[in-house]
Amino acid sequence: MIVGAIYSRAVHRNPDLILASASPRRRELLESVGLVLTVEPVDIDEAARDGEPVRVYAARVAAEKCDAAVLRLGTPALAVLAADTVVSLAGEILGKPDGEAQAAAMLQRLAGHRHEVLTAYRIRYGERVLERLVGTYVTFRSLDGKEVAAYLASGEWRGKAGAYAIQGIAGSFVNDVRGSFTNVVGLPLAEVLADLRALEALSGYPPPAFGVAP
């Protein structure tokens with residue numbers, strides 16, 4: 001038996017996809033299945049409009065990110081993927097907290113309740129455009145003040161919609177997930193891969209051993 005085997009990603013291939021996002025979690029998810037990415041984050045106004053429904057907001061932001069990347073790049077040969085993930089509690093968007101006080105308030109509201117995580121994404125490949133919205137229901141168990149305080153001290157909540165990261169410490173707060181787990185992390189990987197393949201945008205997928213070299 002080999003203990004402590006080291007694996008590395010093969011990167012000696014041409015890029016498969018342009019990711020119009022600065023999210024390290026989306027990048028990690030796509031790279032975990034062997035995709036080689038060109039990362040082209042865009043800067044747009046992500047403020048919600050007055051009275052804008054959550055699903056409409058997420059779809060609009062994803063579309064605007066994708067369109068902004070395509071406009072900047074011209075007409076790239078690769079597919080362009082952009083996404084936006086929101087945490088919704090009773091129809092209200094819980095965005096990235098500004099500080100500990102706001103993060104604590106979000107966690108206290110999520111505790112003991114079910115919320116929905118929505119990711120909208122747009123893929124542009126040549127003249128073809130594909131859009132999808134994926135929802136996952138997540139239920140938090142009850143949290144006491146010591147747990148909330150310890151989580152705030154960990155810093156994991158920083159930069160996270162809803163003030164938590166399900167793939168980290170906050171996974172211990174969750175007692176039920178209905179739908180795509182990776183959607184809660186930041187991208188519904190199964191759906192994205194299926195749509196990219198339906199567009200015939202991933203000629204090199206899957207790479208041998210999914211890009212893992214022993």
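The values are calculated or read from the model by the stated rules, or taken from the named source; none is laboratory data. It should be emphasised that the depicted structure is a prediction, and the values quoted were computed from it without experimental measurement. Don't worry about glycine lacking a Cβ; one is built from the backbone with ideal geometry, like all the others, and counts go over all protein chains shown.
Scanning region 51-75 for residues that are closer than 29 Å to residue 206 by Cα, assigned to a loop (DSSP other than H, G, I, E, B) and free of Cβ contacts under 8 Å to residues at least 40 places away in the same chain yields a single hit, 74. In this structure, residue 148 qualifies as closer than 17 Å to residue 103 by Cα and β-branched (Val, Ile, Thr). Scanning region 13-44 for residues that are in contact with a Ser or Thr (Cβ under 7 Å, 6 or more places away or on another chain), under 18 Å from residue 122 (Cα atoms) and assigned to a loop (DSSP other than H, G, I, E, B) yields a single hit, 41.
Okay, residues lined up against (1) modelled with pLDDT of 95 or more; (2) farther than 19 Å from residue 92 by Cβ; (3) of a type in the set (Lys, Arg):
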site: 132; (1), (2), (3): yes, yes, yes
site: 140; (1), (2), (3): yes, no, no
site: 144; (1), (2), (3): yes, yes, no
site: 147; (1), (2), (3): yes, yes, no
site: 152; (1), (2), (3): yes, yes, no
site: 156; (1), (2), (3): yes, yes, no
site: 164; (1), (2), (3): yes, no, no
site: 174; (1), (2), (3): yes, yes, no
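Checking each residue in region 176-191 for being more than 11 Å from the chain's Cα centre (by Cα) and either in a helix (DSSP H, G or I) or surrounded by fewer than 16 Cβ atoms within 10 Å (Cβ to Cβ) (or both) picks out 176, 178, 179, 190, 191. Is it the case that residue 48 is outside any loop (DSSP other than H, G, I, E, B) and on the phi < 0 side of the Ramachandran plot? No, not satisfied.
Take residue 100 and decide whether it is among the acidic types (Asp, Glu), out of contact with any Ser or Thr (no Cβ under 6 Å at 6 or more places or on another chain), surrounded by 15 or more Cβ atoms within 10 Å (Cβ to Cβ) and at pLDDT 95 or above. Here the answer is yes, as residue 100 does meet what is asked.
The set of residues in region 158-175 that are of a type in the set (Gly, Ala, Ser), under 12 Å from the mean Cα position of the chain (by Cα) and part of a loop (DSSP other than H, G, I, E, B) contains only 165.
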